[in-house]
Amino acid sequence: MDTIFALATARGKAGVAVIRVSGPQAFSAGLALARSLPPVRMTGLRRLVDAQGGLLDEALTLCFEKGASFTGEDIVEFHTHGSPATVSAVLRALGDVPGLRMANPGEFTRRALENGVLDLAQVEGLGDLLEAETDAQRRQALRVLTGALGQKVEAWRSALIRAAALLEATIDFADEDVPVDVTPEVDVLLGEVKQALGAEIAGVAVAERIREGFEVAIVGPPNAGKSTLLNHLAGREAAITSEYAGTTRDVIEVRMELHGLPVTILDTAGLRESTDAVETIGISRAIARAEGADLRVFLLDESGATQGLDPLPGDIVVRGKADVTGTPGAGVSGKTGQGVADLVAQITSVLEGRAARAETATRERHRQSMMRALDAIGAAQNQLSLGMESAELAAEDLRSAIRALESLVGRVDVEHVLDEIFARFCLGK
């Protein structure tokens, strides 16, 4: 396997830059630049030189031996000064070392997967952690990265292997008197795994929203104060406001964080009957986006009409322009800020309640693997309901369920998804 190197920190000026070398020639490459290396898993300040002996920089140098590193291979890291010129000089010197090449995007992490340091779900968790913008995203990504999903999969897999082994033992002794009826234990094992998978599958949609962001649509009739409210929430003039109805023609999005949750607030066109072709398009888009949003905030005028879009359970209904109407209690005004804090608290409470239903699995790929396992377990239960004469068919269904779970963590049948996953990683990962 090639020895690879890359800048592991962001490009541009910085106090420190980390340059990583991984592979069988990592230590010899480190010696080519540093002339001596500190003991493994210890740090030492070294003068880095090029092939002609010219000084490149003074760098904090670390070494990790094979089996005790991020990639599972020998690794040397140079923590250099972070100027672009210094980084370029060190990278050029490494490129001149025979047998070394620049890493491809995500190649360090891919080697960690291939060497069994990380499973595929952990790789996805690392990718999510690198992109996390909110605290909720960070916490969710860390759960996956630290192996929480892999541990669940291993527990389910072990239970299914136990159930399949019991059935196969019955098959092996089909012509003899088996002293113990294995059906009750198999039923319990399959029931427990099936229930756990169902709960995990139900939480994937919420986990995806935490990863990608919740959408909250502000809807209501024209001139109800929707755009003014959006601007107040954004802290800037994100939307044009005026006293004329129908000013907003398209959906305007503002991304923000509410108590650690990623949220996109949508300002939509006012809902009403209109003969204006462009406004009608805007209203149609408003309804479509509102129907697809995770939560709708209905900002109503004095008529209280929702104009063709009815609130769903959990949606929030308030009166707009409270500074003009003098609406007590439930009113909100983006102009003065009246009621906005209470509205934000209400939105946050609803979204936090939904986020609490998230499990460990976070992606559609995870859901599909678990659904295949769930279907296979159901098929095995159906076979067992016909009697032990179908035990062999039930055991084969359980093997299919096990393979589905193994694909979730990357043990089998995942080559087609690897390139897509690692293409999102930077060179240094």
Residue that is farthest from the chain's Cα centre (by Cα), among those in segment 73-119 that are more than 13 Å from Leu48 (Cβ to Cβ) and assigned to a strand (DSSP E or B) = Leu100
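Residue-by-condition table, conditions (1) in a helix (DSSP H, G or I); (2) among the aliphatic types (A, V, I, L, M); (3) buried (at least 18 other Cβ atoms within 10 Å of the Cβ):
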site	(1), (2), (3)
Gly125	yes, no, yes
Glu133	no, no, no
Leu149	yes, yes, yes
Glu154	yes, no, no
Ser158	yes, no, no
Ala164	yes, yes, yes
Leu167	yes, yes, yes
Has segment 343-357 got any residue that is among the charged types (D, E, K, R) and modelled with pLDDT of 90 or more?
-> yes
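Please find, within segment 318-342, the residue that is modelled with the highest pLDDT out of those that are under 32 Å from the mean Cα position of the chain (by Cα) and of a type outside the set (Asp, Glu). Quick ask: steps written out before the conclusion?
Just the residues of segment 318-342 that are under 32 Å from the mean Cα position of the chain (by Cα), to begin with: 340-342.
Next, only the ones that are of a type outside the set (Asp, Glu) stay: 340-341.
Values: Val340: 83, Ala341: 88.
By that ranking, first place goes to Ala341.
Results for (1) of a type in the set (Phe, Trp, Tyr); (2) out of contact with any Asp or Glu (no Cβ under 7 Å at 6 or more places or on another chain); (3) at pLDDT 90 or above, shown as yes or no for each residue.
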position	(1), (2), (3)
Val123	no, yes, yes
Ala141	no, no, yes
Gln151	no, yes, yes
Ala165	no, yes, no
Pro184	no, yes, no
Asp187	no, yes, yes
Leu190	no, yes, yes
Gln195	no, yes, yes
Val206	no, yes, yes
Quick check, is Arg372 among the basic types (Lys, Arg), surrounded by 20 or more Cβ atoms within 10 Å (Cβ to Cβ) and assigned to a helix (DSSP H, G or I)?
-> no
Within segment 351-369, can you find the residues that are surrounded by fewer than 15 Cβ atoms within 10 Å (Cβ to Cβ) and either on the phi > 0 side of the Ramachandran plot or hydrophobic (A, V, I, L, M, F, W, C) (or both)?
-> Ala356
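Can you confirm whether segment 220-228 contains a residue that is within 22 Å of the chain's Cα centre (by Cα) and not β-branched (Val, Ile, Thr)?
First, pick out the residues of segment 220-228 that are within 22 Å of the chain's Cα centre (by Cα): none.
No, there is no match, as no residue in segment 220-228 is within 22 Å of the chain's Cα centre (by Cα) and not β-branched (Val, Ile, Thr).
Results for (1) at pLDDT 65 or above; (2) in a loop (DSSP other than H, G, I, E, B), shown as yes or no for each residue.
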| site | (1), (2) |
| --- | --- |
| Ala391 | yes, no |
| Asp397 | yes, no |
| Ile402 | yes, no |
| Val412 | no, yes |
| Glu420 | no, no |
Report, ordered by the first and then the second residue, all pairs with beta carbons closer than 6 Å, sequence separation of six or more or different chains, a first member in segment 25-47 that is within 14 Å of Leu94 (Cα to Cα), and a second member that is modelled with pLDDT of 95 or more and of a type in the set (Asp, Glu).
-> Ala26/Asp74; Phe27/Asp74
Inside segment 259-317, can you point out the residues that are over 14 Å from Asn223 (Cα atoms), at pLDDT below 80 and of a type in the set (Lys, Arg)?
-> Arg285
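The values are calculated or read from the model by the stated rules, or taken from the named source; none is laboratory data. Keep in mind it's a predicted model, so treat the numbers as computed, not measured. Cβ: placed from backbone, ideal geometry, glycine included. Neighbour counts: every protein chain shown.
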